[in-house]
1. List pairs: first residue in segment 232-248 and over 19 Å from ASN36 (Cβ atoms), second residue in a helix (DSSP H, G or I) and open to solvent by 40 Å² or more (accessible area, probe 1.4 Å) anywhere in the structure, Cβ distance under 6 angstrom, at least six positions apart or on different chains.
2. Quick one: which residue in TYR211, TYR190 is modelled with pLDDT under 95, within 26 Å of SER44 (Cα to Cα) and open to solvent by 50 Å² or more (accessible area, probe 1.4 Å)?
3. Could you grab me the full set of residues in segment 209-231 that are among the aliphatic types (A, V, I, L, M), in contact (Cβ under 8 Å) with a residue 60 or more places away in the chain and in a helix (DSSP H, G or I)?
4. Among (1) in contact (Cβ under 8 Å) with a residue 40 or more places away in the chain; (2) part of a helix (DSSP H, G or I), which single condition is VAL91 missing?
5. Please tell me if ILE158 is out of contact with any strand residue (DSSP E or B) (no Cβ under 7 Å at 6 or more places or on another chain), buried (at least 20 other Cβ atoms within 10 Å of the Cβ) and part of a helix (DSSP H, G or I).
6. Tell me which residues, restricted to segment 71-85, are farther than 19 Å from ALA148 by Cα and outside any loop (DSSP other than H, G, I, E, B).
7. Name the pairs: first residue in segment 164-179 and over 13 Å from GLY191 (Cα atoms), second residue of a type in the set (Val, Ile, Thr) and open to solvent by less than 10 Å² (accessible area, probe 1.4 Å), Cβ to Cβ under 7 Å, at least 6 apart or on different chains?
Amino acid sequence: MEDLIVSVAQRTLIAGTPLLIGTIGEVICERSGILNLGVEGVMSIGAVAAFVVTFYTQNLWLGLMAAVLAGMLISIIHAVASVSLQSNQVVSGLALTMLGLGISSLAGKPYVGKSLTEKMNTVAIPFLSDIPILGKILFVQSPFFYMAIVLALAAWFILEHTELGIKIRSTGENPKATEAQGINVSLIRYGCILVGGGFSGMAGANLSISYSKLWIEGMTAGRGWIVIALTIFALWNPMRAMIGAFLFGGIFVMQYLLQPLGISPSLLAMLPYMATLLVLVMIGIKDSKKLNAPAMLGEPYKRGER
């Protein structure tokens, strides 16, 4: 029984890790007032970039860096459209998703069916991994899991307890007042979009060089859309994002636990997305003023506007 608990808990954390990484990036982006619906496409770009670079260099860390860089580069498109051109952020984000999925499909086509010689293995933290049950669950994990936790804590601290965090939050709440304080609103938003893109690219890398060791077209499987729902579920708070990400990770794992009971695989595959819709419906019922959403989320802002 103990082995079953440990196995299920470990797989839950593994499945939730890319969701957490992507959600942290989206939280940072949206706290600056920019809505980015392109997460799915950026994750896909990150996944293929990580796989291709790792395939040729045999270096997993170079693959990870390539994914982060690729995610940031393609996010420049959304930054220019949303900040410089003040275009509709919903349209720009959807276009980014379609572009990212198309580019990744084209770039990854020659690598379908190929596999890496190794993937990023689990790392046991000395002493802590020896703790009964809890040690095996929390301290024998992929480096991506440890990085996700550290990044979530760092994002929370920066947003809530630093001058930079105040600038990011004020940009999302009242860009006019922020600009009056001599802060470059456009620069803050550009930076947050690029950081969010880097996180999404990293989440994609997790799928292709840690969660598995191959590239499959459509391997993001809608996780980018779940990330957007989790951002709302977390009330734009990186600490709450950890709870939501691993909760949804458990829903992914539940698919495999329920298959032996004879439940249709097609129905089980719908569970994460049914849960996403349920969360959005439940949130929609609540008073939107209590959700802590940035006041200017999705609203374009022109420098010097009064």
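1. Close Cβ pairs (under 6 Å, with a partner that is in a helix (DSSP H, G or I) and open to solvent by 40 Å² or more (accessible area, probe 1.4 Å)) amount to MET239/TRP156.
2. Step by step, each of TYR211, TYR190 is checked, and only TYR211 is modelled with pLDDT under 95, within 26 Å of SER44 (Cα to Cα) and open to solvent by 50 Å² or more (accessible area, probe 1.4 Å).
3. ILE209, ILE226, VAL227, ILE228, LEU230
4. (1)
5. No; evaluated as a whole, the condition is false for this residue.
6. LEU73, ILE74, SER75, ILE76, ILE77, HIS78, ALA79, VAL80, ALA81, SER82, VAL83, SER84
7. SER170/THR178; PRO175/VAL185; THR178/THR171; THR178/VAL185; GLU179/VAL185
This table checks each residue for (1) outside any helix (DSSP H, G or I); (2) open to solvent by 80 Å² or more (accessible area, probe 1.4 Å).
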position	(1), (2)
ALA50	no, no
LEU62	no, no
SER87	yes, no
PRO126	yes, yes
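The values are calculated or read from the model by the stated rules, or taken from the named source; none is laboratory data. As the structure is a prediction and not an experimental result, all values here were calculated from the model. With ideal geometry, Cβ positions are generated from the backbone for all residues, glycine too; neighbour counts draw on all protein chains shown. Surface accessibility is based on the protein's heavy atoms, side chains included, excluding ligands, DNA and RNA. Shrake-Rupley method; radii C 1.70, N 1.55, O 1.52, S 1.80 Å.
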